[in-house]
Amino acid sequence: MRTTLVLLSSLPLLALSACDLGAASTVTYDDSGLDSDDQPDDSGGGDDSGGGDDSGGGDSGGDDTSAPEDGDGDGFTEAEGDCDDGDAGVHPDVPDTCDGVDQDCDEALDEDAASDDPYEPNDTSPTALGALEDTPEHQLVGFLHNDQDTDRFSFSVVDEWWDSFKVEVSLSNIPADGTYRLTLNRLSSVGDAPLGELDQVFGSGSLSLTLADATGDEDGGEYEIVVEAIAGADCGQGYLLVVQKP
């Protein structure tokens, strides 16, 4: 809104003529008190962004997505099952050889040392030694690769009615700090002799069992020898097993 202020001369009010009034000078003002060219900028006169990046710059504080480290460079991290990331020879999928170290990180020791044993696998099915009539004595060196390993060997014997037989089984070279168990089972009988476990011994050093012909029973058939560790199996120390018919 604009207001017109009339400035009157010093002449008496009654004496003023229309011409005098017409000659009065006028000045126009803006109610805002400012010239239109001096109006402030309603936009705030600056950048509302504050002169910086609202994202905050720097670290966003999120999760670290960097890849896990492979400390020994064997291709496996601890997250991938490497149980010793400071030894490049220890990681999943590596053969677990006879060294007392769980090389493949499966919580079992030296199980792959069985690949060096010519009689394996014989944990459940026995290695056949043959008939004692053909070969009266068998000697072999076997290995228990860990305390879960079991070695089985079978042989057969003929019970002639005119001849009583005797079979001697011995196990020696057992580790000094180990305890091994030796078991003799009858798997089959030509006659009526009972099947199953016949005898068992355990200990260190050396062990022995004797199979004697029983009077009246047909004892001929197939037999099984079982060698296993109660504790202290040593895949690096072979035991000596001897089966003979004197």
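For the stretch 98-196, taking the reciprocal of the average inverse distance between every pair of different Cα atoms yields a Kirkwood hydrodynamic radius of 16.1 Å. The mean sequence separation of alpha-carbon pairs under 8 Å and at least six residues apart, normalised by the residue count of the stretch 124-179, gives a relative contact order of 41 percent.
Every number in this text was worked out from the coordinates using simple rules, so none of it is lab data. Only a predicted model underlies this, so the values are computations on that prediction, with no experimental measurement involved.
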